[in-house]
Amino acid sequence: LSDRLITQGTYLYGILFGPKPQYAHLDNDFGSAYHPKRDPLAFQRLLQAIDPLGLVTGITCTSSDSQGLHIYFPFNQSLPSWEVGSGISILLESQGFKVQPGQLEVFPNSRLYTIDSTPNLFNAHRLPLQQGSYLLNENLEPILSSRSAFVRQWQHCQQRNTLDAKTLQRILKQKKRSHYRLSNKADKILNALN
């Protein structure tokens, strides 16, 4: 895919996640309950929710003319897609966020979807800085956007974000233990009622 085709703006291009990415991405749609236009504090709460993973710095862009937000979190290690998506989703949901299309989406998504018993690919997202997409500053205001500025920000974030396999495993195990405790508690309640 050439730069010329991307900058022409005739088509929108997306990317699918492979098995071991080196970044994660959040999509906060304009109509979402968590968009800063609707809830000015939700955006900061969202960023704080994933901080325990070591994702402390992101690149924020408008997604398109729709004014949705895309936040990219580059990191140095190649990690399993489903674990990255699951870890982020677990932390967001533990803070009361609902991860669902049209509200807040996590890329890579936390699991492979299956259609008619056939595994499907991870969800795709738009490439940044296509028509209507701009880099945003810390006040979420558009700034001069170029591929080189995006790459510089990417490299800066990559140095600061410390997501690793050990941290992901800890988050996933906590969720598993929590689910197990809730299942046992529900079973005990049901048995007491019978």
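Throughout, read-outs are computed from the coordinates displayed, never taken from laboratory work. The structure presented is a predicted model; accordingly, all values stated were derived computationally and were not measured. Here the Cβ is made from the backbone with ideal geometry for all residues, glycine too, and neighbour counts use every protein chain on show.
Annotations for the structure displayed:
- In order along segment 87-94, the phi-based Karplus estimate (6.51 cos²θ - 1.76 cosθ + 1.60, θ = phi - 60°) of 3J(HN,Hα) comes to x, 5, 4, 4, 5, 4, 5, 5 Hz; Gly and Pro are listed as x.
- Segment 46-114: C-alpha gyration tensor shape, a/c 1.5 cut-off, then a/b vs b/c: rounded
- Highest average packing first - 99-109, 155-165, Cβ atoms within 10 Å: 99-109, 155-165
- Counting 0.36 nm for each residue step from Leu172 to Gln103 and taking away their Cα separation leaves a gain of 22.5 nm.
- Between Ser148 and Leu5, the FRET efficiency estimated from the beta carbon spacing at R0 = 25 angstrom works out to 0.85.
- For segment 151-166, the Karplus equation 6.51 cos²θ - 1.76 cosθ + 1.60, evaluated at θ = phi - 60°, returns couplings of 4, 4, 5, 4, 5, 4, 5, 4, 6, 8, 7, 10, 3, 9, 4, 5 Hz by residue, with Gly and Pro reported as x.
- Each peptide among 146-154, 86-94, 14-22, 2-10 gets the average number of other Cβ atoms lying within 10 Å of its residues, and from highest to lowest they stand as 86-94, 14-22, 146-154, 2-10.
- Length-normalised contact order for segment 6-110 - Cα pairs under 8 Å, 6+ apart - percent: 38 percent
- Computed helical MRE - 222 nm, the chain, DSSP H runs ≥ 4 contributing -39500 (n - 2.57), nearest 500: -12000 deg cm²/dmol
- Our summary gives the chain a relative contact order of 29 percent, counting only alpha carbon pairs under 8 angstrom and 6 or more residues apart.
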